[in-house]
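Structure first, commentary second.
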Amino acid sequence: MKKVPVQFTLNGEEKAEFVESGVTLLKALREKIGDTSVKAGCQQGTCGSCAVIVDGELRLSCLTLAERCGGAAIETTGGLAHGEVLHPLQRAFNEGFATQCGFCTPGMIMAAKALLDHNPQPSREDVVEAISGNICRCTGYEPIIQAILAAARANSLSAA
Amino acid sequence: MAMRQGRGVAAVNYPTGMNLGGDPTQALVHSTPTGNFMVSLSSVDLGQGMKQIMAQICAETIGVPTDRVIIDTADTDTGPHCMGTFASRGTHRAGNAVIAAAKEARQVMLEVAAEELEVNASDLDTDGTGNIHVKGAPQRSISIFDTALAAHFKRGRSISGRGMFLIPRSYPDAETGAMKPSTCYAHACTVAEVEVDDETGEVNVLTVKNVFEIGRALNPKMVEQQLVGGSWMGISHALYETTEPYYPSREHGGRDFNEYLMPGPGDLAQTEVIVLERPAADGPYGAKGPGEMCANPQIPAIANAIFDAVGVRIDTLPITPERILRALKANGAEDAGTVAH
């Protein structure tokens, strides 16, 4: 199949790949670039485990064509930690026991990051709305909601 | 036509594992040359925290910090035998096997340390931070690191242990049918409050208050995590989950897990979880299995709460709006919903 060149930044780093026309961003990130922090769940836009941030907006990478991401700035959980220092959301998920089997965690964290980037002090309802496209089958969601609220509180403390 | 509230209560006894054919689990422990301890198991960690709990049990028994223990559950073809991670049996069965293996390894470790320190092994104790010392004389000590090096390179000893835990098969009494299918039971009680729309049959779970008696909570935070998730799954069993809504017909069944309904983040009941610890006589450090038990009492509690709210007994799961409306209609409520037959 015909391959097309695509260039974007992934977590601030420039990437250039030849991808088959019609390949999803999910597949390009995992199989071409090797960023397996992005999880392939339902691959039909229902479970949210593949969620990434594209130019500041939350996107399902399983429904996004890689070739449409030319020039975009893409963020994944793979780029959140600085060395050993975890992102406040990662820390809150860890300390709040908001992950069990872990498969939904990257998508949940990106959904939460997209929320906090736009709305640093969300209400509980805002958080529920933000993760309503993400399925978790272990935790019952409550620890995840609490972790996101805790990360928002930690952000406001460090900003003060 | 109104929203009607109801409250229901239910209590369960839940067996930890089952032994209808005999129920063994095997564990092997050995030290590396630098005094870390490898635990080989075939019991699987699928997110419930098996590795963490087994590391804690091994560390507690040998007398080393938890981070000195490595759990290897790699391969059921080549590893020690385990019946599997099911029936809430993991902590109880594998935990007891790990204790047996770790005790044997600890004994060899103390024997090697005794030779190095020129004392009797029965006079030695561990300090839990990685050292072995003479009881009452902590200055007479050797690190576990040095003990392991001596065992490997000087004394030719294998600091290792074998553990097997078996609940033997229980046969029913020919006369009465009585038998002992399990040796250890966890308990739970749930009070649920619901709101039922008697026009649409929709149920909204308002609150779920649970008390769980689980033996000893070996890792309280992980236990809480499992109980909170389990309580949510219990609500899900009661009201949502099914593969064949019109069993045995496959009609209207979910085609994949995306269509297999569970409550979403916007459907959560206000949930309370209280843990009672009554250590089990045959549990590893008193632990029972909290895994499956925690998703059970919500189901009868919600069914009872629905009966309290609208006076219908639903005995088929899940308790869907359709089943409630049909039961209301059978109860004589002529105007209940408008269900097409």
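Computed values, structure above
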read-out	value
B:Val208 vs. criteria under 30 Å from B:Lys329 (Cβ atoms), of a type outside the set (Ser, Thr, Tyr) and surrounded by 23 or more Cβ atoms within 10 Å (Cβ to Cβ)	yes
Some residue of region B:271-286 being within 19 Å of B:Glu193 (Cβ to Cβ) and without any contact (Cβ under 8 Å) to a residue 40 or more places away in the chain	no
Selection status of A:Gln90, part of a helix (DSSP H, G or I), touching a Ser or Thr at 6+ places or on another chain (Cβ under 8 Å) and either more than 9 Å from chain B (Cβ to nearest Cβ) or of a type outside the set (Lys, Arg) (or both)	yes
Test result for B:Lys51, in the same structural domain as B:Ala150 (by TED's automatic domain parsing), within 18 Å of the chain's Cα centre (by Cα) and charged (D, E, K, R)	yes
Flag for B:Asp67 being farther than 20 Å from B:Arg162 by Cα, away from chain A (no Cβ under 14 Å) and over 20 Å from the mean Cα position of the chain (by Cα)	yes
Test result for B:Pro80, within 19 Å of B:Pro284 (Cβ to Cβ), buried (at least 19 other Cβ atoms within 10 Å of the Cβ) and not basic (Lys, Arg)	yes
Tally of residues being over 35 Å from the mean Cα position of the chain (by Cα) and closer than 22 Å to B:Leu28 by Cβ across region B:122-149	2
Within region B:218-273, tally of residues that are within 15 Å of the chain's Cα centre (by Cα) and at the interface with chain A (Cβ under 9 Å from one of its Cβ atoms)	10
Which listed residue, of B:Leu268, B:Leu276, is out of contact with any strand residue (DSSP E or B) (no Cβ under 7 Å at 6 or more places or on another chain) and either surrounded by 16 or more Cβ atoms within 10 Å (Cβ to Cβ) or not charged (D, E, K, R) (or both)	B:Leu268
Test: residue in region B:230-248 that is among the charged types (D, E, K, R), in contact with a Lys or Arg (Cβ under 9 Å, 6 or more places away or on another chain), surrounded by fewer than 22 Cβ atoms within 10 Å (Cβ to Cβ) and in the same structural domain as B:Glu202 (by TED's automatic domain parsing)	yes
Region A:31-57, subset among the aliphatic types (A, V, I, L, M) and either in contact (Cβ under 8 Å) with a residue 24 or more places away in the chain or touching a Gly at 6+ places or on another chain (Cβ under 6 Å) (or both), residue farthest from the other protein chains (Cβ to nearest Cβ)	A:Val54
Residues of region A:114-151 that turn out to be in a helix (DSSP H, G or I) and either within 12 Å of another protein chain (Cβ to nearest Cβ) or at pLDDT below 95 (or both), as a count	14
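Matching residues to (1) part of a loop (DSSP other than H, G, I, E, B); (2) free of Cβ contacts under 8 Å to residues at least 24 places away in the same chain; (3) within 14 Å of chain B (Cβ to nearest Cβ):
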residue: A:Ala16; (1), (2), (3): no, yes, no
residue: A:Val19; (1), (2), (3): no, no, no
residue: A:Leu29; (1), (2), (3): no, no, no
residue: A:Arg59; (1), (2), (3): no, no, no
residue: A:Cys62; (1), (2), (3): no, no, yes
residue: A:Gln100; (1), (2), (3): yes, no, yes
residue: A:Gly107; (1), (2), (3): no, no, yes
residue: A:Ala112; (1), (2), (3): no, no, yes
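The values are calculated or read from the model by the stated rules, or taken from the named source; none is laboratory data. Just so we're clear, the structure is a prediction, and the values are computed from it rather than from any experiment. Positions of Cβ are backbone-derived with ideal geometry, glycine not excepted, and every protein chain shown enters the neighbour counts.
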